[in-house]
Each structure stands twice: as structure tokens, then as C-alpha cells.
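The values are calculated or read from the model by the stated rules, or taken from the named source; none is laboratory data. This structure is a prediction, so every number in the text was calculated from the model and none was measured. Positions of Cβ are backbone-derived with ideal geometry, glycine not excepted, and every protein chain shown enters the neighbour counts. Note: accessible area is taken over every heavy atom of the protein model, side chains too, but ligands, DNA and RNA are not part of it. Shrake-Rupley method; radii C 1.70, N 1.55, O 1.52, S 1.80 Å.
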Amino acid sequence: MRLAEYPDDIGFATAIGIRPAPLAPPRDDTVPSRLMTEAHLFRRLGLSKPLISTMLVRANQHGTSLETELLASGSVSEHVYYEALAEILDIPFLDRLDPAEVEDLPGADSQLIDPTVVRLRHPSRPPTTAIVPSAERLDYLGERLAHAPALRSMMAATTPSALRAALWQAGQQRRLRDTVEELHATMPEASARITLRGRQGFYTGATVTLLLTLAALAPRLATLALHIVVTLLFFCTFLIRLVALVAKWRQERRPMLPPPSVRPRPTYSIFVALYREAAVVPQLIDTLNRIEWPAARLDIKLICEADDQETLDALALTRLGRQYEIVEVPPGRPRTKPKALTYALGAARGEYLVIYDAEDRVDPLQLEEAWRTFEAGPSDIACLQAPLVVTNARESWLSALFALEYAGLFRVLLPHLAAARLPVPLGGTSNHFRTRVLQQVGGWDPYNVTEDADLGLRLYRLGYRCGTLTRPTYEEAPIGRDAWLGQRTRWFKGWLQTWLVLMRHPSRLVSEMGLWPSLVFQVLIGGLILSSLAHPLIIAYLGLITWSLFFQPAFTVGPLELTLFTLDMINIFGSYAVFIALGRGGMAESEQAAVGRHWMMTPVYWLLLSVAAWRAVGELRHNPFFWNKTAHRPVRPQTGKEAG
């Protein structure tokens, strides 16, 4: 195609794939000279004035380039556009690069962020430099080629998508190796790759041996000591939730912060890890397309396992905008979500980054709220957690209790912890990060199956804090027992991994976190695990003492036993009450109606939690990195409430 063949606006516009664009009103604002230079170039190429005017307004508003807005809008086909630039420069155009010819040099991954140039080595001819030309540098490139015509035989033009695709393939094994090994190599004390490290394993074995010996020689004393420890941890857990509930009653609704006036919206990366998610791909893309953020400022990475052909085929059949990029993670162990996320982390182009799950339905204004909160807050806030709202509470008693639990956790407890500057165990989705900080702390641990909680606590140890948002992400809870148990077993296993990682050096943990925050961590993670494991034993103890008091007239209890019995009654029934009150306190009236009377199943729900905790202990020993995949399904179209 020769540009000279299309002298008129309509001819050239048709040739490079322009579709009609809405007209923009004339602007009197001062347009930066760099944009006017691009505008003059595109006008000379034959693009219509209304189209250029519309894109100029967007580029000026978003702080981008005219070229970026044209491509992001879909008005110009990327392939045909870059082929046209190649014709202007009179160099060959490559619509695809052979990954086998790409040199995977040190620092090559920087080209995944800003693709401009890559070196191609051919077995039978001299090397070629493949470049991504731009309107801004077109005159400069043209002048260089005019002064050195021989360069044309050593250069070729390509598209950003083609260059990225080739680089992903060329460096996949090196990148996979780095993903799996880097955290363990650079911060071994933060990695869950080894369940028990060095002296920790010795001390654990010695402690277990001592406890078993004590149980054999003095079973009553051993039982009493264990009972006291569990009761105190259970009581502390109850108190933390009670304090959060009281704080919720005093809390006022937060208005959305005003937008920063100093600069336009930055680029925002959205990471979605998909594995066997073909069924929800249409819903996911529809959700992401609804997000209110300039398309030219979005970097959406759909991260898939390379051997998950069903999901890749579903994505191939879906129309994706230029803000989307499909990242294929080569097969390798461990096969976990954090490994997939970390594999793509080095290619994040956004100043901020958010994680979503494939089944999420996101409030369209969530990115806007996160950006405003980051900009208005101190620099030590490295992460913001959006609330997760369960929308299928009516489907089963399990999903109803799950909704109640999530409402209490994400809308009451975590906001209180964040406001009190305490450690926040993150949820597995809707975590918004400062990308630079996330990369500096090593990203996600590929060996930890609750990478979210682990990362939130690691950030705290390194001097950062987490905050919370109000704009929600909507999810559906498992409705069947087997799916629920599989998911919850993985969570408990990950919490065990996280607790063991942080307890490798208890004194260092206290010095890094501070005494009070480290105690809160012990209660939130250690207390949750131990109380869940011991829950059936406490129920059995209460039942035995109650039966003895009522049906054995000669039975008496001493002051210590009576104190423990009283505390256990407070722990069990008080915790049930606080669990229900926390959940209902975080819910709207319609959500409370959806839960109905299913809250009465709380004791059964907590016993199932104990089953999951014991299963997690077994898995941690025999299959520590197994990721029990929760199956997802598409749901009804978003309601007005879900759409924000």
C-alpha cells in the first residue's frame, strides 16, 4: 500500500481501517506542541479533522499521545497503522516475529513495558533490528535513514503486540525459572518453599516431642495447659471482633475523595489469573469493559496457563480491545495463582496494579476510588483492599453463611484494622497496589496458597500499610459442601504456611512489626487456626461439663475449671453472636433478607471450618503446594446495584 494512492481523507481513512468516531466540540484549550506535531502529521496522512479533533481532546485530557488515543479507541487498526508507518520510512514490515530469532538479552523484559526495539538473529543472513515506529519519532527516523540509506537493509518495522508476543515466547523458560526461584533466592525467610526452615524444624520437633511426653506422663496437666492456651486465644479473637463491631457502629460513611488536580489519571494495570475459566470469559470481559477508566490508560493482562487450551480458545473468540494482553505461563511447578501473577509482574505498565479473579463483577468506579485514595494518602500505604460482596446468599445455607462471613470481614473487621494501622490479611482479589512497591518487596510467593494474606503481612513487616475502599467487587460463594471444603482447606493451608513463615524468627518479627501488631497477628492467624482446630474439642468439653452438672448431682468443679467453663461459654456463644452481628452490621437490608434465618446454622458452619482446618494440616504435610481449584460459573447480568 502506498500512501500517495490515497490523497483524500476518505480514501486513506478507509485504507487504514478507520471507523466512524463521534465528533468532539471545538476546544479553546491550549494544546501541547507535541500533540499539534502529531496532529499535523495525521492531517497530512489524510485523517479527517473531526477524528483528529476528538483524539486531541482525549490525549490532552489523559496526558497521552494522539497516536495512543487513536489506537486505543479502535478507530485505527494496529496492523495497518504500523504498516503505513513502515511505508513512510520505506523499510520492511513484519506482522509477526519468530521467537526463535529474538535475542533474550539482559533487560529484555523492559521491552514488554515499552516495546520499541528488538534484535533478530537469522541463521543465514545478517541480524535485523525490528523497531516499533511512532508518530512522535517519525521525522527523526526518517532523517537518520535519509542520511544512512544502508540502514534500511538492517531494519524492519513491527507492531507493539507482535514484539511483546515474541519476547514472551523467547524468554519464557528464563522468566519461569526466575518466577519460581527469585523470592526464595533473594528473601529466603519470606518464602514458603520450605515448610520448616533450619532451627524452626528442630524446635518444632522438640516441642511436639515434649508435648507428647507430657501428655503421656501427665495427661491431665497437658490437657489443662492446652485448654488454657486455646481458651485465651479464642477469647482474644472474640475481643478483636467485638472491638471492630463497636467501631463499626460509630463509623460514618466515607465520601469519595476529590480527584487530584495536579495530573491526569495514570496507567492502571489489571491482572486476572485464569485457569479453566472458559465459561466465565464473556462475563469477565464485559465486566472489565465497564470499568470507568480511559482505555488508553489501561493495561489489562489476562494470565493463562499455556496448556489451558479451552480458556485460550475462549479468549481467541472474544473481541478484545488494545488495552488487553494475553500472557501464557509455561507449565511448571508449583501450578499456583501467585506463580502466574508473579510471572507477569515485570511487564506491568501501570503505576498502580489491581488483582481480580475471573468470576469477579467489579464496581465500575473502583479504580477511580483507589486512585484518589492513593493520591490523597501517605506514601506508606502500599495496598488498598476493596470489599468483596457475595451475591448468591439465597442459594444455600452455606452461601448465606459465606456472605455473612465476608460482610463482617471486608466491611467491618479489615477497615477497622487498617484504620488502627494494624496488619491486614488481604483477600485474594481486588487488591490495589503501588506497582513499584509490589515489585520491590518481591511480588507474590509462588509457593504460598494464600498469597494474599502472606503479601499483606510481608508489606507490614517492611514498613508499609494497607487501607480499604468502599466500592465493592461482587462474587458468588460455593453452594456445595465439597467445593466449599476444598476452597477453605486451601485457605487454612495457606494461613498455616504464612504463620510458619513469619514465625521463623519471632524476635525479629516483634522488632519489625512492633509488639502490639505482632500480638494482633498471632491472634488473627495463629488464633484462627488453633481455635478452628480445637473448636470441636471445646464444644465436647462444654457438653460434658453441662451434662455432668445437670445429671450428676455429686459432680463439682473447682475455681479453675469453673473459670475455664465460663470463658468457654463466652467464647463459643459470644463468638457466634459477634460473627452474626459483624456480618449483619456490614450488610444492607436486602442482603440481610437474602441470608434470612440461615444465620442459625452458624454452629454447623464453624464445625465445618474445623474439618477444613484439620484437612489443611494433613495437606501441608503431604501436598503443601496443591492448589484446589474452585469451579466458577457465569451469573445473571449485572443489576443496577452491582453496576454501581
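Observations
- Folded to 0 to 90 degrees: helix 49-62 orientation relative to the chain principal axis, Cα: 40 degrees
- Extending 7 Å from Cα along the Cβ direction at Arg394 and again at Arg119 yields two label points whose distance is 6.4 nm.
- Carbon/sulfur fraction of accessible area - the chain, other protein chains in place, 1.4 Å, %: 60 percent
- Angle between the chain longest axis and helix 33-45 axis [Cα atoms, degrees, rounded to 10]: 60 degrees
- The overall shape of region 75-155, judged from the alpha-carbon gyration tensor, is oblate: a/c is not under 1.5, and a/b is no greater than b/c.
- Evaluating 6.51 cos²θ - 1.76 cosθ + 1.60 at θ = phi - 60° for every residue in region 434-451, the Karplus couplings come out as 6, 4, 4, 5, 4, 5, 5, 8, x, x, 8, 7, x, 9, 9, 8, 10, 4 Hz, glycine and proline recorded as x.
- Ligands, DNA and RNA are left out, and with a 1.4 angstrom probe the accessible area of the chain is 45 Å² per residue.
- Counting only residues at least eight positions apart within a chain, or on another chain, the lysines with an alpha carbon under 25 Å from that of Lys248 are Lys641.
- Shape call, region 316-412: gyration tensor on alpha carbons, a/c limit 1.5: oblate
- Straight-line cross-link partners of Lys337 among the aspartates and glutamates, defined as a Cα under 12 Å from its Cα and at least 8 positions apart when in the same chain: Glu305, Asp357, Asp445, Glu451, Asp452.
- Helix 281-290 vs. the chain, principal-axis angle (Cα, 0 to 90°, nearest 10): 70 degrees
- Taking amide H positions as modeled 1.01 Å from N, with prolines and chain starts lacking one, the residues under 5 Å from Val354 and 5 or more places away or on another chain are Ser269, Ile270, Phe271, Phe433.
- For region 110-191, radius of gyration divided by Kirkwood radius, i.e. Rg to Rh on alpha-carbons: 1.15
- Ratio Rg/Rh [Cα only; Rh per Kirkwood] for the chain: 1.05
- Distance in nm between pseudo-label sites at Phe573 and Asp482 (7 Å out along the Cβ direction from Cα): 3.8 nm
- Rounded to the nearest 10 square angstrom, Arg335 shows an accessible area of 60 square angstrom against a 1.4 Å probe.
- Couplings for region 318-334, taken from phi via the Karplus curve 6.51 cos²θ - 1.76 cosθ + 1.60 with θ = phi - 60°, read 9, 6, 10, x, 5, 6, 8, 9, 8, 10, 9, 8, x, x, x, 9, x Hz in order; Gly and Pro are left as x.
- Partner lysines for Lys339 [C-alpha distance under 26 Å; skip if fewer than 8 residues away on the same chain]: Lys301, Lys493, Lys629
- Virtual paramagnetic centre 7 Å along Cα→Cβ of Ala247, amide N under 13 Å, in region 486-529: 517, 520-521
- Cα gyration tensor, region 218-345 - rounded (a/c under 1.5), prolate or oblate: oblate
- Taking the DSSP bridge list for the chain and keeping only pairs wholly inside it, about 30 percent are antiparallel.
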